[in-house]
Every structure is written in structure tokens, then in C-alpha cells.
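Reviewing the structure listed below.
Values in this text are rule-based calculations from the coordinates and carry no lab data. Note that this is a predicted model, so its numbers are computed, not measured. All Cβ positions, even for glycine, are placed from backbone atoms using ideal geometry, and neighbour counts span all protein chains on display.
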Amino acid sequence: MKILFVLLMLSTSNTWAVDANSEMETSVEKIDRDGIKKVFFDRQKDLTGCYNSALASAKDKSAVQGKMVLDFTIAEDGSVMYMAMDPTRSTLKSHFVAGCIVKKAYGWTFPKPPAKQTVQVYYPLSFSSNK
């Protein structure tokens, strides 16, 4: 099931969204995929804050637009063990946006994987601006 979350900022025309054209991938099937998506939705202020900060300081606005696929590992307790932007799957050129999101995400808690397992996740986000 593909779910698209879109946040439209009332004060700006900037948007971020879960990429509806590419499904989240996980290394195990028995993980709460909707729960993972909910964490991102619940953290929309963090995502938007990172994006808007990069957009405000960018000389080239096109560098702050595109698809970012986060590659991360969820530990047994639901914490983030590892997270980075996957450069082979991403078109976003802003390392500021990626670094900002990764830094914030280390404090997030995701659904716990099956007992005594970790889960690798590839999670797509899209960023665009109409400014």
C-alpha cells in the first residue's frame, strides 16, 4: 500500500512529501511499515525546518529540490543505529538538508523490529519549492 503524506506550508509554497512513486523498502517484512511512515509524518516540523533553512540560504534553489532516499537501520529498541542519504538513489544535491534530517533523526524512535533483529530501511522523501 502506498501512502502519500504532503505538508503544505501556509506561509510558504515549499513542500516535502513521501515519494509516492517509490515504495519504502525494508530488510524484513514483519515491521510496522505504517508506524515508520507515521514517525516521519509526526516529525514534519523537523523535515520542513531543515528544508526551509537550506532553501533560505541556497544560491541555487534547484540544489534544494529533488528526491532524497534515507538509508537507515532501526535497532532492537526502535532507536536509529545508522542513517544517511543514499547517494545512488537520491537526486537531492543539498547535503545540508540530508545532514540536518539525519542529525535530528538520531533522536527519533521507530517501531521495534521483530525480537533480536535490526531492520534496514530505504525511505524516500521529495522536496520542492515553487518560489
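Can you count the Lys pairs in the stretch 75-129 whose Cα atoms are under 24 Å apart, with each pair 8 or more apart or on different chains? Before the final figure, lay out each step's value.
Working: Lys93/Lys103; Lys93/Lys104; Lys103/Lys112; Lys104/Lys112.
So the count works out to 4.
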Tell me, what ³J(HN,Hα) does each residue in the stretch 85-94 have, in order and in whole Hz, if you take phi through Karplus 6.51 cos²θ - 1.76 cosθ + 1.60 with θ = phi - 60° and put x for Gly and Pro? 7, 7, x, 7, 10, 9, 10, 5, 9, 7
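Among the trypsin sites (Lys or Arg not before Pro) in the stretch 50-84, which ones are in a DSSP loop with at most 14 other Cβ atoms within 10 Å of the Cβ? Mind listing them? Walk me through the numbers before you get to the answer.
Details: sites: Lys59, Lys61, Lys67; in loops: Lys59.
Listed in order of number, the matching sites are Lys59.
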Any idea what diffusion coefficient the stretch 72-126 gets from Stokes-Einstein, in µm²/s, Kirkwood Rh on alpha carbon pairs, 10 °C, 1.306 mPa s? 133 µm²/s
